[in-house]
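One structure is given below, encoded as structure tokens.
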Amino acid sequence: MLQVRSRETLDHGDLGWLKARHHFVVSAHGNKANSALGALVVWNDDEIAPGTGFGRHSHADIEIVTYVRQGAVTHEDSTGNVGRTVAGDVQVMSAGTGISHSEHNRDEEALKLFQIWLLPHRGGGEPRWDSRKFPKADRAGRLVELASGNPKDAETLMIRADARVMGATLLAGATLTHAPARYRHSYLAPARGVVIVNGQRVAVGDGIAAIDEPELTIAAEEDAEFILVDAA
């Protein structure tokens, strides 16, 4: 089953410094049609103004994957980590038993990012943070794992969830396929451009949910970059 979640159906907010669209419902008054997909419970499309950001706040028992679309995010947390993740790269945070952190835009251009929340396969554990560079050239015409809950995936960022976060870039007219394991959920959102997923058009600002689909055929209507999450 496929469900296109067009930009117009997403809950959204504008705080001036933060413009956000929520691919998954985040409040009791939100669009309940955009429900969680197994372990995948949040996918926020955020735009953060220069010199602003999220002040210190706390989480526990959640996995947070951040994909930077434009600009750079500066991270600081209660375990002593400080890092800067730039466009095209990824940071992950396992909240575990509890962690407080801040996320700021210290640059002079708007920061755009996807923030993806996944439920861990078990609670607790030591809080941790990590980041990694993922050159877009390595993703040309193919899906590359950016974060994974499989400990055998040594070439990716580790998360404590039964999920894989993948990225790809496609030139206009190019196509790739993804075959999820049975009884898995998938969600795709373009970071740039327009793609056609099993015949459904998905542009920047939109997303598409796939539930127990045997195969996804993804074709670029124009040069495109997208993130795909496969979760239990």
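Overview of values
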| read-out | value |
| --- | --- |
| Surface share of carbon and sulfur [accessible, 1.4 angstrom probe, percent] for region 1-159 | 51 |
| Label-zone membership for region 168-211, site T217, 7 angstrom Cα→C-beta point, backbone N under 18 Å | 170-180, 195-202, 210-211 |
| Lysines with Cα under 26 Å of K152, excluding same-chain neighbours fewer than 8 positions away | K133, K136 |
| Partners for K32 among aspartates and glutamates (Cα-Cα distance below 15 Å; same-chain residues under 8 apart left out) | E8, D11 |
| Net charge over other residues, Cβ less than 14 angstrom from the Cβ of P214 (K, R count +1; D, E count -1) | -2 |
| Pair K152, R201: separation of 7 Å Cα→Cβ label points (nm) | 4.1 |
| Inter-part distance where region 200-222 and region 27-44 are each reduced to a Cα centre, Å | 18 |
| Region 123-229: Rg to Rh, with Rh as the Kirkwood radius over Cα pairs | 0.99 |
| Spread of Cα-to-Cα distances over 10 Å intervals beginning at zero, given as percent, for region 1-157 | 10, 36, 40, 14, 0 |
| Hz values of 3J(HN,Hα) by residue in region 183-196 - Karplus curve (6.51, -1.76, 1.60), Gly and Pro given as x | 6, 10, 10, 10, 9, 10, 9, x, 8, 7, x, 9, 10, 10 |
| For region 43-90, Kirkwood radius (reciprocal of mean inverse C-alpha pair distance, Å) | 12.2 |
| Rounded to the nearest 20 debye, dipole of region 82-138 from Cβ charges on Lys, Arg, Asp, Glu | 180 |
| Per residue value of the accessible surface for region 131-232 (all protein chains in place, 1.4 Å probe), Å² | 43 |
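The values are calculated or read from the model by the stated rules, or taken from the named source; none is laboratory data. The structure displayed is predicted, hence computed values, not measured ones. Note: ideal-geometry Cβ built from the backbone for every residue, glycine included; neighbour counts use all protein chains shown. Side chains are part of the model used for accessible areas, which takes the heavy atoms of the whole protein and leaves out ligands, DNA and RNA. Shrake-Rupley method; radii C 1.70, N 1.55, O 1.52, S 1.80 Å.
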